[in-house]
């Protein structure tokens, strides 16, 4: 492990997380002005076997994937292969039906398309057939008028953006990540992991509170946790609160468990719980969902953002425009204020950081990757003990506060 003496309080915060019993296994890495100043890991990668977390232990990091997928698409835009302001139907003609003719690529990247949930349950047989899932979305009608509101497209973001990428290049997001990002930079970062990586990946786990199902939602789930059980044609209760709820965390948790809510449908279909072992199943780790499919280490996740800040993946002006907030305010799915640029989260109630100049993306359970151009920072945190789905992640807040105090 490595920790520059200037960041000794970061090591202390990292060790405190373990001492307090809030970690099983985790890793945290920070670059400052391109220099790796923090590279820490500890704990157990697999609770069942006691296998220790090693320097190169990768783990499934859920929606941290979205920023990587956005970068792939923006690389194509730089080459003139995609116009983010143009209608999606220009490259995906089947999409331009049922009120979706004017949905732009930018609407997809900013969660404004009005397609946060699939109407019909996706069978397990399609989990690795991304074009088939995208075809389901192409046949749907938007839930809200595209561009009039935003709501977190937790899983559909990837099938939508990924299909645009495939239509333009003939390749998947995962293939382009390997060719254009991970390969050239030498990163342990895969969107669709090979079998040897799956074999050494940390195993996600969770300890639900008594009487609660949310903690098991995407770790090692019980059958039926968080499942959308809305009958076809039944009315959907969209998550459109007027003003902030008195207790937003409770409101979100209740919506996630309500099979009639849009929040539940957006987060629970495709039903990861239908796989034995949930998110630990090789089917999911192999599938490379472009919204939630990355398998990586903290060091490589941080290095991805280091490369973004250094202009190695996108031109500086492209990145500057991409992290410019396009939407901010009430999120139709998350029931909190959120803010997005082109695929990147910006500081808000759902991306809570000590710096207003930070950008990046969180992942279900607590993982996060971020860059901060004002401070020259890039960081990555991954873990296998899932935090409560919607209660935030005090572990990484503690770590990032220590980082900013150190500089």
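Bear in mind these aren't lab numbers, they're just calculated from the coordinates by the rules spelled out. Just so you know, these numbers come straight off a predicted model, no measurement behind them. Cβ sites come from the backbone with ideal geometry, for glycine too, and all protein chains shown count toward neighbours.
Report, ordered by the first and then the second residue, all pairs with beta carbons closer than 6 Å, sequence separation of six or more or different chains, a first member in segment 40-55 that is over 15 Å from residue 205 (Cβ atoms), and a second member that is crowded, with 20+ Cβ neighbours inside 10 Å.
Partner pairs satisfying both residue conditions: 40/14; 40/28; 41/27; 41/53.
Would you check which residues across segment 295-308 are farther than 13 Å from residue 381 by Cα and buried (at least 23 other Cβ atoms within 10 Å of the Cβ) and list them?
306, 308
State whether one or more residues within segment 90-98 are crowded, with 17+ Cβ neighbours inside 10 Å and within 24 Å of residue 372 (Cβ to Cβ).
No.
So how many residues does segment 20-38 have that are outside any loop (DSSP other than H, G, I, E, B) and either within 22 Å of residue 375 (Cα to Cα) or over 23 Å from the mean Cα position of the chain (by Cα) (or both)?
So the answer is 10.
Tell me which of these residue 171 doesn't satisfy, since it passes every other one: (1) touching a helix residue (DSSP H, G or I) at 6+ places or on another chain (Cβ under 6 Å); (2) free of Cβ contacts under 8 Å to residues at least 60 places away in the same chain; (3) closer than 20 Å to residue 288 by Cα; (4) not in a helix (DSSP H, G or I).
(1)
Restricting the search to segment 312-328, which residues are more than 17 Å from the chain's Cα centre (by Cα) and either closer than 12 Å to residue 71 by Cα or part of a helix (DSSP H, G or I) (or both)?
312, 313, 314, 315, 316, 317, 318, 319, 320, 321
Give me a count of the residues in segment 342-387 that are part of a loop (DSSP other than H, G, I, E, B) and either free of Cβ contacts under 8 Å to residues at least 60 places away in the same chain or on the phi < 0 side of the Ramachandran plot (or both).
The total comes to 23.
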